[in-house]
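What follows is a set of notes on a single structure, which appears directly below.
The values are calculated or read from the model by the stated rules, or taken from the named source; none is laboratory data. Nothing here was measured: the structure is a model prediction, and the numbers come from that model. All Cβ positions, glycine included, derive from the backbone under ideal geometry; neighbour counts span all protein chains shown. Just so you know, the surface numbers come from the protein's heavy atoms only, side chains and all, with ligands and any DNA or RNA stripped out. Shrake-Rupley method; radii C 1.70, N 1.55, O 1.52, S 1.80 Å.
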Amino acid sequence: MPSKSLIRWFRCLIRVGAKLCRTPHCSLFYFSSGVLGDSLTVLRSPQYVTFRDGQWPISGEKIPDLVALTMGFSIHEDLDWPGLAAGWLFQRPRANALIVVRGLDSLDFPKNISCYPLENPVPFTLDSVANTVHTLFADSTPVVLQLAPSEERLYMMGMANTVFEDLPVTLQQIRGRLSQDGSVLTSLPLVSLSRNNEADLLFLSEVQVLYDISALLQKHKHLAKDPAPDLYSLELAGLEEIVRRYGTDSPQFTDATRILTSALQKFADDVANVYANNAVVEVVTVKTFEAPLTRKSRSILESKQISNPGSPYNLAYKYDYDYAVVFNIVLWLMIVLALSVIVISYNLWNMDPGYDSIIYRMTNQKIRMD
């Protein structure tokens, strides 16, 4: 039976903990309550896309809605999440890059970036965002790249077909790329990782894909000048194989997380550089998904069949990129004209015809002369 002094001590500790947990930086109590775990990290974002500091959890199924809102698109249901502030109406990011890392719940990123707990980590895709980009900017050439090297899952649309035509996407192509000059096998300190192990090669293959995408973006900087926004979605599962083979306490896992963290930061810097800091780069770290991701592969040529201008299904007209600008111009012009009509009507109603109007004044003089 615990003593009364011990009970009072525990009550005091609970009260102190409750007061501390009211602050946004209560990492100790968040950890003890199980809030820290899978996370969403915003590596880069422009000044007009504001992510608030705090520990607000976001559901995994809401990640596509979050990406859509950061790009200025509307969603079917309101996102009840205070982490994203209202953005500027007249400017939207030029690109959004989302990287999903499976196998761990967090990476050691700098402390000055926004990081939020991820709850209900169910599998998700950015297909809805990609379809929105294609629908709204069908007349332009947006870059849409969705890639999962471990599952050899690929979907490209628009300029991605030409920019990333030489990108190795299958495991066989990526492993062939690793044997070439300038690969990560020769440029990165592997330390405990081995080039002869399948799990290590899978992880290094995904890191190679990140480096190759960065190199292609640096080569094609004209992508940022296109009026259509670009979308990049990558899913990396190599670290999950490292954990499955060696465990989280192994030196291979430590070296792999160090290499991946550095590669993700370089990728974020390259994307921000190409798009002149007008891009959002997010990283979702998930230890395990609650359900397996099953998805049919899609052909690169499928983008030609998405939109059918002659379809008899009463589809809405296509939006232009300047739709928001034109809408605001027309709206405020109508408001100004309406106010002008009201002011003019009020002045005419209260006007003295014999004093203010030259027409009535001349008429009265003519009547008097006659």
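For the reader, a short list of remarks on this structure follows.
- For a modelled paramagnetic label at R195, 7 Å from Cα along Cα-to-Cβ, the residues of the range 234-259 in reach, with backbone nitrogen under 19 Å, are 252, 255-256, 259.
- In the range 158-287 the Cα-Cα distances spread across 10 Å bins starting at 0 as 11, 42, 33, 12, 1 percent of all pairs.
- In order through the range 191-200: 3J(HN,Hα) via Karplus (6.51 cos²θ - 1.76 cosθ + 1.60), integer Hz, x for Gly, Pro: 6, 8, 6, 10, 7, 9, 9, 5, 5, 5
- Counted over the range 116-258, the DSSP beta bridges are approximately 60% antiparallel.
- What the phi angles of the range 177-186 give under the Karplus curve with 6.51, -1.76 and 1.60, with θ = phi - 60°, is a coupling list of 5, 5, 7, 8, 5, x, 7, 5, 5, 9 Hz, glycine and proline written as x.
- Tensor-based shape of the range 39-286 (alpha-carbon gyration tensor, a/c under 1.5 rounded, otherwise prolate or oblate): oblate
- Percent antiparallel among DSSP beta bridges (both partners in the range 39-286, rounded to 5): 45
- For the range 39-286, the carbon plus sulfur part of the accessible surface works out to 47%, probe radius 1.4 Å.
- Ranked packing of 325-335, 88-98, most packed first, by mean Cβ within 10 Å: 88-98, 325-335
- Between the range 252-275 and the range 175-199, the alpha-carbon center distance in angstrom: 16
- Which listed pairs, of K111/K219; K62/K287; K111/K287; K62/K219; K219/K287, have C-alpha distances above 24 Å, in listed order: K111/K219; K62/K219; K219/K287
- Loop sites in the range 194-274: trypsin sites (Lys or Arg not before Pro), DSSP, at most 15 other Cβ within 10 Å: R195
- Here the Karplus curve 6.51 cos²θ - 1.76 cosθ + 1.60, taken at θ = phi - 60°, turns the phi angles of the range 227-243 into couplings of x, 8, x, 10, 9, 10, 9, 10, 10, 10, 10, x, 5, 5, 5, 4, 5 Hz, with x standing for Gly and Pro.
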